[in-house]
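Notes follow once the structure below has been shown.
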Number of protein chains: 2
Amino acid sequence: MKVFVVGGSGRVATELIKNLVARGHDVIAGARHPDRIMIDSHVRAVALDLHAEVPEIREIIGKVDAIYFVAGSRGKDLLQTDAFGAVKTMWAAEQNEIHRYLMLSSMSSTEPENWSREGLKQLMDYNVAKFFADNYLIHETTLDYTILQPTSLTEEPATGKISVGTNQVATNPIPDVAETLAELLEAPNTIHQTIAMCSGETPIAEAIKKI
Amino acid sequence: MKVFVVGGSGRVATELIKNLVARGHDVIAGARHPDRIMIDSHVRAVALDLHAEVPEIREIIGKVDAIYFVAGSRGKDLLQTDAFGAVKTMWAAEQNEIHRYLMLSSMSSTEPENWSREGLKQLMDYNVAKFFADNYLIHETTLDYTILQPTSLTEEPATGKISVGTNQVATNPIPDVAETLAELLEAPNTIHQTIAMCSGETPIAEAIKKI
């Protein structure tokens, strides 16, 4: 498949792209600093600024089979990047007739009633931004979306094992999140699903198959 | 009618409350600093922090006939006040079976394609926050909403005359916006309408009647 990764220079993106290439996919990765995108013969790095208007974003994304949104401003530009930047890529996907859209979200993004919990209440602006993006994706697009909600990301090495459907405050090694994202691409059972995940005991492919 | 004004201490709110009282309504006005709400025998000032959770907001709003959302953080807390704070009051309205909901919004809040215009492009974060609130109100609630989109607010005196349906960058004296909001309350023809306004040549009541 030909896959576009929005926010292609980040920590999760880099691991995700490695996973996608290993599975035989061709990747176009967009980031504000395309020189920070990993180099590989199956990866094309392009400049993408989520402040651009939708027609420009459409043209940059082009005709691909799926879009991953793994961009994040780390709290610096939540409204225009994490929230509305995501919505603009959804509009670009619809207009370019790209159906599959995979969103890297965060714990309880779609469950505001949980945001007062320890570990989430410190991230309130972030929670709100991710809520609006995910909520728009679910209720106001026709996309074949999957939303992945990991808990805190860590730099730990991969375990290859996760737990899905849980909602506890736990951690996720970044490589496990990236592998899970890659696994979701061709898992039709995850279309229109919002999936909470954290480290666990089930091998990733098996955990996804059970959803 | 019994009307709740969210953001009851602001410039528009103060003029709005005067208008509502003059029309014979009883007002409950909620603000973080209720001591800044205007004093009148038909006005009850209550403490309302939009960071509170929905059950608390529900209880503060109580059973009224209509809600006005005229709160704004002036750019300081757009995600939690202007955007998600508004959504929480929509949920409170629905849960308290309050149908009528009047939103003070801003020029082109629902038309991102206009945001690159001069006068709007400087307000991008604000535009995004208002977009998410208004969009939620329109597409994801069952409320009898009216959204008013004035252009820049000024401290000029009232003219009593407006123009509706226009989209030009112009100004609005605050008392005219407040009178327009008050006029909308009992104008059933404005339910489910998003109304652009600026200073104009038509007396306010007449302009609203024509919508």
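Some points to look at:
- Nearest chain A C-beta to the A/B rotation axis, reported as residue and distance in angstrom, is A:Phe132, 2.
- Residue-count net charge about B:Asp134 - beta-carbon cut-off 14 Å; Lys, Arg +1, Asp, Glu -1: -3
- q = 0.14, 0.16 Å⁻¹, chain A: log10 I(q)/I(0) [Debye, one scatterer per Cα]: -0.77, -1.03
- By DSSP, the beta bridges lying fully in the protein assembly as shown are antiparallel in about 15 percent of cases.
- Spacing of the modelled spin labels on A:Ser163 and B:Arg74, each 7 Å from Cα toward Cβ, amounts to 4.7 nm.
- Summary for B:Lys121: label point 7 Å along Cα→Cβ; distances to the equivalent points in the other copies, ascending, 4.3 nm.
- Environment charge at A:Ser116 (Cβ cut-off 12 Å; Lys +1, Arg +1, Asp -1, Glu -1): -3
- Volume of the Cα convex hull of the protein assembly as shown, divided per residue and given in Å³: 136 Å³
- Inter-copy spacing of A:Gly75 label points, which lie 7 Å from Cα along Cα→Cβ, given in nm from shortest upward: 2.1
- Ranked by the mean number of other Cβ atoms within 10 Å of their residues, highest first, the peptides A:46-53, B:95-102, A:99-106 fall in the order A:99-106, B:95-102, A:46-53.
- Average partner coverage of B:71-79, which counts Cβ from other chains inside 10 Å: 2
- Kirkwood estimate for the range A:68-126, i.e. one over the average of 1/r between Cα atoms, Å: 12.7 Å
- Charge dipole magnitude, Cβ of K and R +1, D and E -1 - chain B, Cα centre, debye nearest 20: 180 debye
- Formal net charge of residues neighbouring A:Lys18 (Cβ-Cβ distance under 11 Å; K, R +1; D, E -1): -2
- Dividing the mean sequence gap of close Cα pairs (under 8 Å, 6+ apart) by how many residues chain A holds gives a relative contact order of 18 percent.
- The range B:202-211 - phi-based ³J(HN,Hα) in whole Hz, Karplus 6.51/-1.76/1.60, Gly and Pro as x: 9, x, 3, 4, 5, 4, 5, 4, 6, 5
- Nm distances between copies for B:Asp26, ranked from closest, using label points 7 Å along Cα→Cβ: 7.0
- If the convex hull is drawn through the Cα atoms of the range B:140-211, its volume per residue in Å³: 84 Å³
- Among B:72-83, B:109-120, the order from most to least packed when residues are scored by Cβ within 10 Å on average: B:72-83, B:109-120
- Averaged over the residues of peptide A:108-120, the number of Cβ atoms from other protein chains lying within 10 Å of each residue's Cβ is 1.
- Distance from the Cα centroid of the range A:150-211 to that of the range A:69-148 is 17 Å (rounded to whole angstrom).
- Under the Debye formula (equal points on every Cα, no solvent term), log10 I(q)/I(0) of the range B:1-105 at q = 0.13, 0.22 Å⁻¹: -0.38, -1.18
- With the helix formula -39500 (n - 2.57) applied to DSSP H stretches of n ≥ 4, chain A reaches a computed 222 nm mean residue ellipticity of -9500 deg cm²/dmol.
All of the numbers you see were taken from the coordinates with simple rules; none came from a lab. These figures come from a predicted structure and were not determined experimentally. With ideal geometry, Cβ positions are generated from the backbone for all residues, glycine too; neighbour counts draw on all protein chains shown.
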